[in-house]
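Structure first, then comments.
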Amino acid sequence: RVAGMGQCCASLMGGSDEEGGGLDAPDDASPAIGIPEEFRGSKVSVTDSLEVSGSGAALAAAPVEQDSAYWEIVVVKPGPMQLGVSRKMPAKLLDAGLDGKVGDPPKSWTFDGGKLAEGDVVGVAFTQCDLPNLSFTKNGEPTRESDVKKIGGMVYPVVSVGGEAVIRVVFAPESFANAPPPGAKPLMVVRSIL
């Protein structure tokens, strides 16, 4: 029975044929991206509003799986910080944090935010298909000296803080201070429809 199969599939997709939902994907928003405990150093604190402080590194729970992604970091209180992307890291490296060297630890790429001021906004754009793969903006202006080329494979947004630094990570597009670069979309959780 085709109608029954359509109803079954439509209900999995968030609608039914009778509701006019057909086989369209549900129109609910992408799940919120967080920084769970297992993705951060033991001395890193993260609030519900994604304010990060303490000492060490933290990864977003969602890897960058889309072609081009964008998110922002707002400096709440200046101090030592690194912002960018990284491969998944074990607890020991999350506890140690990042010192900003390319490839520190193996396979992380970051912008040194140590000279940023309170209220500064760093935009992070990562693309899988154009060069540079990783680029940054400071208060909406490109910082070309921090561009990174030829990053392949799965990476996660990463931040590392120390001293008195406090930052807020912004994944929600309605809260962006600046427009993403052309072609970049807000980071999203990729969900399978199966």
Out of all the residues in segment 111-135, which are of a type in the set (A, V, I, L, M, F, W, C) and surrounded by 18 or more Cβ atoms within 10 Å (Cβ to Cβ)? Phe111, Leu116, Val121, Val122, Val124, Ala125, Phe126, Leu134
Could you please let me know if Lys138 is within 13 Å of Ala69 (Cα to Cα), at pLDDT 90 or above and open to solvent by 70 Å² or more (accessible area, probe 1.4 Å)? no
Unique residue being of a type in the set (S, T, N, Q), open to solvent by less than 50 Å² (accessible area, probe 1.4 Å) and at pLDDT 95 or above when the list is Ser175, Ser160: Ser160
Quick one: in segment 61-89, of everything that is among the small types (Gly, Ala, Ser) and either touching a Leu at 6+ places or on another chain (Cβ under 7 Å) or without any contact (Cβ under 8 Å) to a residue 24 or more places away in the chain (or both), which residue is surrounded by the fewest Cβ atoms within 10 Å (Cβ to Cβ)? Ala62
Test Phe136 against the criterion of being touching a helix residue (DSSP H, G or I) at 6+ places or on another chain (Cβ under 9 Å) and of a type in the set (A, V, I, L, M, F, W, C), and give yes or no. yes
Checked pairs for segment 29-57, first farther than 13 Å from Met81 by Cβ, second of a type in the set (Asp, Glu), C-beta under 6 Å and 6 or more apart or across chains, list as Gly41/Asp95; Ser42/Asp95
Strands (runs of 3 or more DSSP E) contained in segment 33-121 and holding at least 2 residues modelled with pLDDT of 95 or more and under 21 Å from Ala184 (Cβ atoms): 68-77, 81-86
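The values are calculated or read from the model by the stated rules, or taken from the named source; none is laboratory data. Just so it is clear, the structure is predicted and the values come from calculations on it, not from any experiment. Ideal geometry is used to build each Cβ from the backbone, glycine not excepted, and the neighbour counts take in all protein chains shown. Surface areas here come from the heavy atoms of the whole protein model, side chains and all, with no ligands, DNA or RNA. Shrake-Rupley method; radii C 1.70, N 1.55, O 1.52, S 1.80 Å.
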